[in-house]
Amino acid sequence: MMPTHPVDWSQANCIGTDNEAFYPEVGESVRAPKKICSRCPIINECFTYAIHHERHGIWGGSSANERIQIRRKNNIILTGAG
């Protein structure tokens with residue numbers, strides 16, 4: 001379910017960090033970006049957005065592979081994927 005209120009993305013902890021850290025290469029650790037996400041005030045909104053729209057990267061504390069598993073388990077179809 002998508003957030004019913006507008007998300008204030010300016011509150012995200014990842015603002016101002018190196019975006020490349022959130023798009024690790026295969027085999028690279030996802031610990032650092034997930035740690036940034038773990039303290040983010042909009043982690044839930046970010047995750048909800050990503051589960052429906054994002055194919056790649058770390059979003060809302062989840063990796064692309066984790067979101068694939070969640071989508072499969074919950075029959076969620078990716079829309080407008082980035």
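Readers should treat all values here as calculations from the given coordinates under stated rules, not as data from a laboratory. Treat the numbers as computed from the prediction; the structure is a model and nothing was measured. Counting neighbours? That spans all protein chains shown, and the Cβs are built from the backbone with ideal geometry, glycine included.
Relative to its Kirkwood radius, the Cα radius of gyration of the chain gives an Rg/Rh of 0.95. Shown is the FRET efficiency for Ala21 and Ala64, computed with R0 = 22 Å from the Cβ-Cβ distance and rounded to the nearest 0.05: 0.95. Averaging the sequence gap over all C-alpha pairs within less than 8 Å and six or more residues apart, then dividing by the number of residues, gives the chain a relative contact order of 29 percent.
Per-residue packing, averaged as other Cβ atoms within 10 Å, sorts the ranges 15-21, 66-72 into the order 66-72, 15-21, beginning with the highest. Computed over neighbours whose Cβ is under 11 Å from that of Gly80, the net charge equals 0, Lys and Arg +1, Asp and Glu -1. When the inverse distances between all different Cα atoms of segment 37-82 are averaged and flipped, the Kirkwood radius reads 10.4 angstrom.
Backbone geometry of segment 32-48 corresponds, through the Karplus equation with coefficients 6.51, -1.76 and 1.60 at θ = phi - 60°, to 3J(HN,Hα) couplings of 4, x, 5, 5, 4, 4, 4, 9, 7, x, 10, 4, 5, 5, 5, 4, 4 Hz, x marking Gly and Pro.
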